Amino acid sequence: MPAVSAAACCAAATPASEVVEDLFSFLRVLRDGTILRSPAEPVFCPTTFPTSHPSVQWKEAEYDKAKNLRVRMYKPAAAAGGGDASGNKLPVLVHFHGGGFCLGSCTWGNVHAFCLRLAADAGAVVLSAGYRLAPEHRLPAAFDDGASCMRWLRDQSVNAAEADAWLTEAADFGRVFVTGDSAGGTIAHHLAVRAGSAAAQPGGTTTADPVTVLGYVLMMPFFGGVRRTPSEAGCPAEAFPNLDLVDRFWRLSLPAGATRDHPAANPFGPDSPDLGSVDLRPVLVVAGGLDLIRDRTVDYAERLAAMGKPVELAEFAGKVHGFYLHEPGSEATGELIQAVVRFVDGCVAATE
């Protein structure tokens, strides 16, 4: 009979129901691969966040019925008759929420409150899209769903018979921007690279697109890498998120066996596409001074600038990761939205 190591004996004796990954008891993975999700919102989504705004209307739609993927749509109330007070249609911000690719929803209270204010303060149509989550659906599933949402938006712009008039009466499909928070910012990056890679190919821009994406806004994008940065290495354990949590997010969301240098996580990893050859639209990158991912975010913007890409960096000193979700009504969140507004206006002006 072959010898069995003590470690193997312990592993054999471990019950299949043992929890091997636990995210706030909201998402638990058992040793046998079973995934348990709580139907409730986690404790960091207070029920005190506003659920409505006096000057914003909202509704939901499905953008991918086969996958049951929803988009929550917002528009200023003044646009109910079509466009702004002057009758002009409004820019469109396609927004992807964060959550380390494992958590989050466009229906969560903090995301909803932020999008209400974003639509009101920016004077824009905001489309807050959900996407499939890991570990049930590992990357690149979220990126593919982001691309699916953009295809849905194109269908809305050209198929009047099936389009949602509530959206199309207000939306200017020639002024579209892709925005994302944390993991959603990573989705925005990958959508920008996909679009820019296609545009860089011979003949890639010969076909007129009914939806014109003028720029991308990456709010504290969730990037990773095997080598620790100073802001990661110096992150205190009591921070939210901390290094242990982001490592768990990557373990659960990356393809099985992949490291944090996988192209899904690290835009400058050894197997990542060369961004120098990508025809990137303008990018606004938002960083937080107290964010453990701060160094990666700033490095991303600096490297794009060194490549001659149209990139802007807005850093909020003293602010933690996703502060605009923790305090959607704060002055700092208002300043962030105004930075987005200036970026949008600048991109539009450059096309006129």
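The values are calculated or read from the model by the stated rules, or taken from the named source; none is laboratory data. If you're wondering where the values come from, they're calculated on a predicted model, not measured in any experiment. All Cβ positions, even for glycine, are placed from backbone atoms using ideal geometry, and neighbour counts span all protein chains on display. Quick note on the areas: whole protein, heavy atoms, side chains included, nothing else; ligands and nucleic acids left out. Shrake-Rupley method; radii C 1.70, N 1.55, O 1.52, S 1.80 Å.
Taking the chain as a Gaussian network, Cα atoms linked when under 10 Å apart, which of ALA120, ALA66, ALA160 shows the biggest mean-square fluctuation?
Evaluated over the chain, the most mobile residue of the options is ALA66.
Would you calculate the separation in nanometres between label points at ALA40 and LYS67, each defined as 7 Å from the Cα along the Cα-to-beta-carbon direction?
With each label point 7 Å from Cα toward Cβ, the separation is 3.0 nm.
Compute the whole-percent fraction of alpha carbon pairs in region 254-352 spaced more than 18 Å apart. Before the final figure, lay out the partial values.
Values: 2809 of 4851 pairs.
Counting pairs separated by more than 18 Å, the tail of P(r) holds 58 percent.
Using alpha-carbon pairs under 8 Å, 6+ residues apart, how would you state the relative contact order of the chain in percent? Write down the numbers at each step before the final one.
On the way: 645 pairs, mean separation 52.7, N = 352.
Relative contact order of the chain: 15 percent.
Against the longest alpha carbon principal axis of the chain, how many degrees, from 0 to 90 and to the nearest 10, is the axis of helix 331-351 turned?
So the helix axis and the longest Cα principal axis differ by about 60 degrees.
Need one number: nm distance between label points at LYS59 and ASP32, each 7 Å from Cα along Cα→Cβ, rounded to one decimal.
Here the modelled spin labels are 4.5 nm apart.
So how far apart, in nm, are the two label points at HIS137 and ALA305 if each is 7 Å from Cα heading toward Cβ?
According to this spin-label approximation, the distance is 3.6 nm.
Cut-off 10 angstrom, C-alpha nodes, Gaussian network model of the chain. Which of ALA77, ALA142, ALA199 fluctuates the most?
Result for the chain, Cα springs under 10 Å: ALA199 fluctuates most.
Starting from the Cα gyration tensor of the chain, multiply each eigenvalue by 5, take the square root, and state the resulting semi-axes largest first in whole Å.
So the equivalent ellipsoid measures 35, 23, 21 Å along its semi-axes.
What do you get for Rg/Rh of region 125-245 when both radii come from the Cα atoms and Rh is the Kirkwood radius?
Details: Rg = 17.4 Å, Rh = 16.6 Å.
Result: Rg/Rh = 1.05.
Between the helical axis of 141-158 and the dominant principal axis of the chain, each derived from Cα atoms, what acute angle in degrees is found, rounded to the nearest 10?
With both axes taken from Cα atoms, the answer is about 20 degrees.
Please compute the net charge surrounding ARG281, taking Lys and Arg as +1 and Asp and Glu as -1 over other residues with Cβ under 13 Å from its Cβ.
Numbers: positive: ARG175, ARG194, LYS309; negative: ASP209, ASP279, GLU312.
Once positives and negatives cancel, what remains is 0.
With a 1.4 Å probe and all protein chains left in place, how much of the accessible area of the chain comes from carbon and sulfur atoms, in whole percent? Don't skip to the end; give the middle numbers.
On the way: 8130 of 15250 Å².
Heavy-atom surface of the chain belonging to carbon and sulfur, 1.4 Å probe: 53 percent.
Heavy-atom accessible area per residue, the chain, 1.4 Å probe: how many Å²? Present the calculation step by step, with values, prior to reporting the outcome.
Details: 15250 Å² over 352 residues.
Accessible area per residue: 43 Å².
Looking at the chain as a GNM with Cα springs under 10 Å, which of GLY269, GLY185, GLY100 has the largest mean-square fluctuation?
Maximum fluctuation in the GNM of the chain, among the listed residues, is at GLY269.
Taking amide H atoms as placed 1.01 Å from N in the peptide plane, list the residues 5 or more away in sequence, or in a different chain, whose amide H sits under 5 Å from that of LEU284.
TYR216, VAL217, LEU218, GLU312
Using Cα-only point scatterers and the Debye equation, what is log10 of I(q)/I(0) for region 214-279 at each q in 0.21, 0.25, 0.27 Å⁻¹, rounded to two decimals?
The computed values of log10 I(q)/I(0) come out as -0.98, -1.20, -1.27.
What is the magnitude of the charge dipole of region 49-139 about its Cα centre, with +1 placed on the Cβ of each Lys and Arg, -1 on the Cβ of each Asp and Glu, and no other charges, expressed in debye to the nearest 20? Don't skip to the answer; put the middle values down first.
On the way: 10 positive and 6 negative charges, 35 e Å.
So the magnitude is around 160 debye.
Once fully extended, how much extra length lies between GLN201 and LEU245, figured as 0.36 nm per residue of separation less the alpha-carbon to alpha-carbon distance?
12.0 nm
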